[in-house]
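**Q** I'd like to ask some things about the structure below.
The values are calculated or read from the model by the stated rules, or taken from the named source; none is laboratory data. It should be emphasised that the depicted structure is a prediction, and the values quoted were computed from it without experimental measurement. Virtual Cβ from ideal backbone geometry, glycine too; neighbours counted across all protein chains shown.
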């Protein structure tokens, strides 16, 4: 059993998917199935890094922000009516969160490099979170497809950028998104995503991608390409198509955009400032 649990595919994919699927099935009727994204990420986090909080590294800050995101999301979904102003506030908060997470590392870089890396990270997080609140939160299939594509794209790009650990975290996030989508695809009925799912998935996915840039060798332009992945989930699909087909098509659109980011890392592995 120890050998099975120590396998990277189990830690980064199988176990996160199983745990996230249980969460999605149990909490879906309560409109909290979006917590599957957090469940998938935290499962991999436990295996790869553990849950220690000291010293407070960038990775552990990502974990803290991941836990805080659904708390904010639940309050936004059940206590407040979502607005464009609220989406803007969340986007700015996400950008600030990225700078907080990586500032000790950025502060040690040359000024010009720190501006490029920090600016890219802040812009990516702001766009991912803001776009998701405005255009994905009300459609659980589109939101799930965007998170699935972002997680897989980031995971592959991170591994190519020489950070397998962050790659596993991103793939675990994708597994959580897949677990969120699967019951919808089987039942043929859309669930509820809301801020709870979209804020968590986009914030965590963006922070992992930013970490792969700042802490490893993901080029800044590859990070910006990954930020565009959720746009694929907004592309049109046949209105009367079954839920499973919508999920497949929308995920495929996101995969195509994510693949462009992965290719840029593969073709230009030494172009990063990091």
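**Q** Please go through the stretch 151-180 and give me each residue that is surrounded by 24 or more Cβ atoms within 10 Å (Cβ to Cβ) and farther than 18 Å from residue 43 by Cβ, ordered by number.
**A** 153, 157, 161
**Q** Return the residue satisfying two criteria in turn: it lies in the stretch 254-268 and is in contact with a helix residue (DSSP H, G or I) (Cβ under 6 Å, 6 or more places away or on another chain), farther than 11 Å from residue 228 by Cβ and at pLDDT 90 or above, and of such residues it is surrounded by the fewest Cβ atoms within 10 Å (Cβ to Cβ).
**A** 255
**Q** Also, quick follow-up: Going by the conditions given, is residue 18 part of a helix (DSSP H, G or I) and surrounded by 20 or more Cβ atoms within 10 Å (Cβ to Cβ)? Walk me through how you get there before you give the answer.
**A** On the way: part of a helix (DSSP H, G or I): yes; surrounded by 20 or more Cβ atoms within 10 Å (Cβ to Cβ): no.
No.
**Q** Okay, next question. Give the stretch 72-92 a look and list any residue that's crowded, with 16+ Cβ neighbours inside 10 Å and assigned to a helix (DSSP H, G or I), or say none. If you could, list the steps in order and put the result at the bottom.
**A** Taking the stretch 72-92 as the starting set, the residues that turn out to be crowded, with 16+ Cβ neighbours inside 10 Å are 72-74, 76-77, 82, 87, 90-91.
Within the stretch 72-92, 72, 73, 74, 76, 77, 87, 90, 91 meet the criteria.
**Q** If you go through the stretch 111-124 one residue at a time, do you hit one that is within 15 Å of the chain's Cα centre (by Cα), under 16 Å from residue 206 (Cβ atoms), surrounded by 24 or more Cβ atoms within 10 Å (Cβ to Cβ) and at pLDDT 95 or above?
**A** yes
**Q** Further, regarding this structure: Hey, can you tell me all the residues within the stretch 229-247 that are assigned to a helix (DSSP H, G or I) and either under 17 Å from the mean Cα position of the chain (by Cα) or closer than 20 Å to residue 205 by Cβ (or both)? I'd like the intermediate steps shown before the answer.
**A** Of all residues in the stretch 229-247, those assigned to a helix (DSSP H, G or I) come to 229-232, 243-247.
Hits for the stretch 229-247 are 229, 230, 231, 232, 247.
**Q** Out of 117, 169, 136, 160, I need the residue that is closer than 19 Å to residue 232 by Cα and either in contact with a helix residue (DSSP H, G or I) (Cβ under 6 Å, 6 or more places away or on another chain) or touching a residue at least 60 places away in the same chain (Cβ under 8 Å) (or both). Which one?
**A** 136
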